[in-house]
Amino acid sequence: MQFDTRFLVDVTAYLKMHGTDEKSSRANENKRDDLGTNAMASENPPDHLLYLFPPNIYGFDIMEKNQFAGGLYFPIRWNKSAFETLELKPESKMLIRALVSNKIAADRATDMVSGKGTGLIVLLHGGPGTGKTLTAESVAEIAEKPLYRVTCGDIGIEPREVEKYLESVFYLGRIWDCVVLLDEADVFLEQRSLEDLARNALVSVFLRTLEYYSGILILTSNRVGTFDEAFKSRIQLALHYKNLDQPQRAQIWTNFITRLQDLNESMDAEGILGRVRDLSEYPMNGRQIRNAITTARQLALYNDEPLNIGHLQHSIAVSGEFDKYLIKVKGDIDDDELAKEEGYRAP
């Protein structure tokens, strides 16, 4: 049996968020005679006593952000190899590893205000599909910490709601020792102005909540050209993700196909890997490559055939027509040129 998501088991937090019924309250009163976890851990209970344990364990689905009660769990197997496959400069990888491993211990010693400035805040900026989110996921894997991903759609736009939501996210991030990912954080990072007081309030709220966060926080942005100067002193590391070049695309294609091989996918792996150079000539980002492979797999399944180069080329050709149409609608200007003209980012 395989699971596509991970769960945090935290009965205390669950009961705090949802309260307890009368039966649970009476059960908690009986804990006065509890010997404590250390004493209980010294002996293994007989098998027949397992029937006395509750059938459900309360937890949190960290992807869907829902509480649940379940009963079947397996230990997490951390994917340390994901970080190695990132298309990043070796020196950038080394710096990320160092900062995450030490969690900026030197900063703790230099700031005299308790709880202030002890976190690690990383900004990843660049165009879509260049590896920002994958980097955050890989950082959580090498740190062996849960990844708590939040988007602006989760947070809202009213300053009071934003502050309350961020405080709850950072609270859970602290008690669960998470790597918190704030994806597409542009609305909170934009430069303040006299014309937009509502945005100014959002930025100010975000700055204030960041000030005392003590965990690992990763921000992603593709509009760093509108970056507010006040964030510079809060961010320990900022990495720019350039558009993928041909060798990088070839490596990403190879990584995806090799991963499918490891999963025993029905496919002509040798034929596809032999045409990786041809596939990498298409100007696609990492997300587009993944989507093309997903679509091609569905096409192969529909035709009851092993996945082959023809399915991939079919998928790329069809999706490419839409991309060409969008460029035509925008006056023959692609997304990177448009972003540069509007001052959001450079290619």
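The values are calculated or read from the model by the stated rules, or taken from the named source; none is laboratory data. Bear in mind that the values here come from a model prediction, so they are computed numbers and not experimental data. Neighbour counts run over all protein chains shown; Cβ positions are idealised from the backbone, glycine included.
So here's what we get for this one:
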read-out	value
Arg208 vs. criteria without any contact (Cβ under 8 Å) to a residue 24 or more places away in the chain and either part of a helix (DSSP H, G or I) or among the polar types (S, T, N, Q) (or both)	no
Any pair with Cβ under 9 angstrom, 6 or more apart, that starts in the stretch 135-150 at a residue that is within 9 Å of Val180 (Cα to Cα) and ends at one that is in a helix (DSSP H, G or I) and of a type in the set (S, T, N, Q)	Arg149/Thr133
Set Gln288, Gln236: member being more than 30 Å from Glu211 (Cα to Cα), of a type in the set (S, T, N, Q) and within 21 Å of the chain's Cα centre (by Cα)	Gln288
First in the stretch 294-317 and assigned by TED's automatic domain parsing to the domain that holds Gln261 and over 13 Å from Ile257 (Cβ atoms), second anywhere and of a type in the set (Val, Ile, Thr) and surrounded by 16 or more Cβ atoms within 10 Å (Cβ to Cβ), Cβ under 7 Å, 6 or more apart	Ser315/Thr295
Qualifying positions in the stretch 37-77 - modelled with pLDDT of 65 or more, more than 35 Å from the chain's Cα centre (by Cα) and surrounded by 10 or more Cβ atoms within 10 Å (Cβ to Cβ)	Pro45
Counted residues, the stretch 276-289 - those being surrounded by fewer than 16 Cβ atoms within 10 Å (Cβ to Cβ) and modelled with pLDDT of 95 or more	3
Among residues of the stretch 241-257, those that are in contact with a helix residue (DSSP H, G or I) (Cβ under 8 Å, 6 or more places away or on another chain) and either in a loop (DSSP other than H, G, I, E, B) or surrounded by 13 or more Cβ atoms within 10 Å (Cβ to Cβ) (or both), counted	10
Residue match in the stretch 250-257 (condition: among the β-branched types (Val, Ile, Thr), over 30 Å from Asp177 (Cβ atoms), free of Cβ contacts under 8 Å to residues at least 12 places away in the same chain and outside the structural domain of Lys93 (by TED's automatic domain parsing))	no
Test: residue in the stretch 213-227 that is over 29 Å from Ala82 (Cα atoms) and not small (Gly, Ala, Ser)	yes
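Every residue, every condition in (1) farther than 21 Å from Thr133 by Cα; (2) in contact with a strand residue (DSSP E or B) (Cβ under 9 Å, 6 or more places away or on another chain); (3) not β-branched (Val, Ile, Thr), yes or no:
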position: Ala185; (1), (2), (3): no, yes, yes
position: Leu194; (1), (2), (3): yes, no, yes
position: Ala201; (1), (2), (3): yes, no, yes
position: Leu207; (1), (2), (3): yes, no, yes
position: Asp228; (1), (2), (3): yes, yes, yes
position: Leu239; (1), (2), (3): no, yes, yes
position: Pro247; (1), (2), (3): no, no, yes
